[in-house]
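Remarks on the structure that follows.
The values are calculated or read from the model by the stated rules, or taken from the named source; none is laboratory data. Everything quoted here is computed from the prediction, not taken from an experiment. Here the Cβ is made from the backbone with ideal geometry for all residues, glycine too, and neighbour counts use every protein chain on show. The area values use the complete protein model at the heavy-atom level, side chains included, leaving out ligands, DNA and RNA. Shrake-Rupley method; radii C 1.70, N 1.55, O 1.52, S 1.80 Å.
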Amino acid sequence: MSKSLKRVRAALETHGAQAEIVETALARTAADAAAALGCDVDQIAKSIVLRGETSGEALLFITAGGQQVDMALAATLAGEPLGKADAALIRAQTGFAIGGVSPVGHLTPPRAWFDPCLLAFDVVWAAAGTPHHVFGLDPQQICDLAGAQTAAFTE
């Protein structure tokens, strides 16, 4: 078991989350994950990491799989201009590689926001630290575990 997967499992267990971790075929994209799980693409909680241009920090936007982050809305929430986070920043702050970034279990928990579209489902699925593992959980629990605030930031 990878270190990243162990960290996600430990974060879930520490908070008493009864999450099912599933190994899937490659699930680097929301569409891939939804196809592998047989669920709606919006039931996939994507972890979008952006770079704060002023702070230099990685910022996390957890969004429904079929949605796109509106950069202007996200920047307003973050209180600073945003840009694309590179792989090195993502790995250094979160401990995850691109394609497996989980909303929980970060090395350094980022400031985070949660897409209210996800709250329409009983269960949503999120990356569990690798491109081949996901976990299913109540969306409000994911929001709480990620320390995220629910806010509209999608197009």
Which numbered condition in (1) more than 23 Å from residue 5 (Cβ to Cβ); (2) open to solvent by less than 50 Å² (accessible area, probe 1.4 Å); (3) in contact with a Leu (Cβ under 9 Å, 6 or more places away or on another chain) is the only one that residue 115 fails?
(3)
Spot the failing condition for residue 77; the list is (1) touching a His at 6+ places or on another chain (Cβ under 6 Å); (2) touching a residue at least 60 places away in the same chain (Cβ under 8 Å), and only one is missed.
(1)
Search result, residues across the stretch 82-91 that are in contact (Cβ under 8 Å) with a residue 12 or more places away in the chain and loosely packed, with under 15 Cβ neighbours inside 10 Å:
83, 84, 86
Cβ-Cβ distance below 9 Å, separation of 6 or more or different chains: which pairs start in the stretch 129-155 with a residue that is over 16 Å from residue 106 (Cα atoms) and without any contact (Cβ under 8 Å) to a residue 24 or more places away in the chain and end on one that is part of a strand (DSSP E or B) and open to solvent by 10 Å² or more (accessible area, probe 1.4 Å)?
140/150
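Conditions (1) out of contact with any helix residue (DSSP H, G or I) (no Cβ under 9 Å at 6 or more places or on another chain); (2) open to solvent by less than 20 Å² (accessible area, probe 1.4 Å); (3) within 18 Å of residue 112 (Cβ to Cβ); (4) assigned to a strand (DSSP E or B), marked per residue:
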{"residue": "9", "(1), (2), (3), (4)": "yes, no, no, no"}
{"residue": "36", "(1), (2), (3), (4)": "yes, no, no, no"}
{"residue": "47", "(1), (2), (3), (4)": "no, no, yes, yes"}
{"residue": "51", "(1), (2), (3), (4)": "no, no, yes, yes"}
{"residue": "67", "(1), (2), (3), (4)": "no, no, yes, no"}
{"residue": "80", "(1), (2), (3), (4)": "yes, yes, yes, no"}
Quick check on residue 63: is it of a type in the set (Ser, Thr, Tyr), within 23 Å of residue 144 (Cβ to Cβ) and in a loop (DSSP other than H, G, I, E, B)?
no
